[in-house]
Amino acid sequence: MTIRSIIDLLAQADSTLPDNSTQLITAAVVRNIIKDFLDTVSPAYGAIRCSSTVETLAGATPITLAPFTTTDAATVGYYTANLTNGSVTRTLNATGVTDFILASGSVDGPNNDLVTVSLFRDGAATGYSATVVLGGAGNPAAFNIAALLYSTTAPVYTLVATGPAGSKTFTNLSIVAQAQPVRSFV
């Protein structure tokens, strides 16, 4: 069947389910609209995680956090996960789909260093980020990012970090993307 926006589903219902005064509503028509609806609203996820990686930050130059070590989920037809480059890609290129992104982890490094972890989409900052003050060796600082991003393309999501030059240890990193069918005016 077909994944559609909520607006497209409403239009499909109007066009394929007339008032039935002409007996044009068939079991096949009803079955197709129900299957399209279920394809549209069924949960879809893409998730990757990494237990530990050491990154050398270079001040204001964004460093992509990668590689990751485990693919937790990647709903076929919606998302693909790439552990090597630390990305989750929504492969579904559809109107009316919004990605809900959750990213988390912790970072350890020199005391009082400020480290910013940002969510990037297609190589550009999304405006969603978390800045933490490091507590010194053995005192990792946790971060969480939650973002709701609309895109009609097939976006690629990554995490990047900036902060004082030097080695930082990132642990328990994860990126989870979830498709959220929404009403769209597109």
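The values are calculated or read from the model by the stated rules, or taken from the named source; none is laboratory data. Keep in mind it's a predicted model, so treat the numbers as computed, not measured. Positions of Cβ are backbone-derived with ideal geometry, glycine not excepted, and every protein chain shown enters the neighbour counts. These accessible areas exclude ligands, DNA and RNA; they are computed on the full protein's heavy atoms, side chains included. Shrake-Rupley method; radii C 1.70, N 1.55, O 1.52, S 1.80 Å.
Here the label points at A13 and A60, each 7 Å from Cα along the C-beta direction, are separated by 5.1 nm in the simple model. Once the Cα atoms are used to define both axes, helix 27-41 deviates from the longest principal axis of the chain by about 10 degrees. In the full protein context, region 1-41 carries 66 Å² of accessible surface per residue, based on a 1.4 Å probe and ignoring ligands, DNA and RNA. Full extension of the chain between N32 and N85 gives 15.2 nm of extra length, using 0.36 nm per residue less the Cα-Cα distance.
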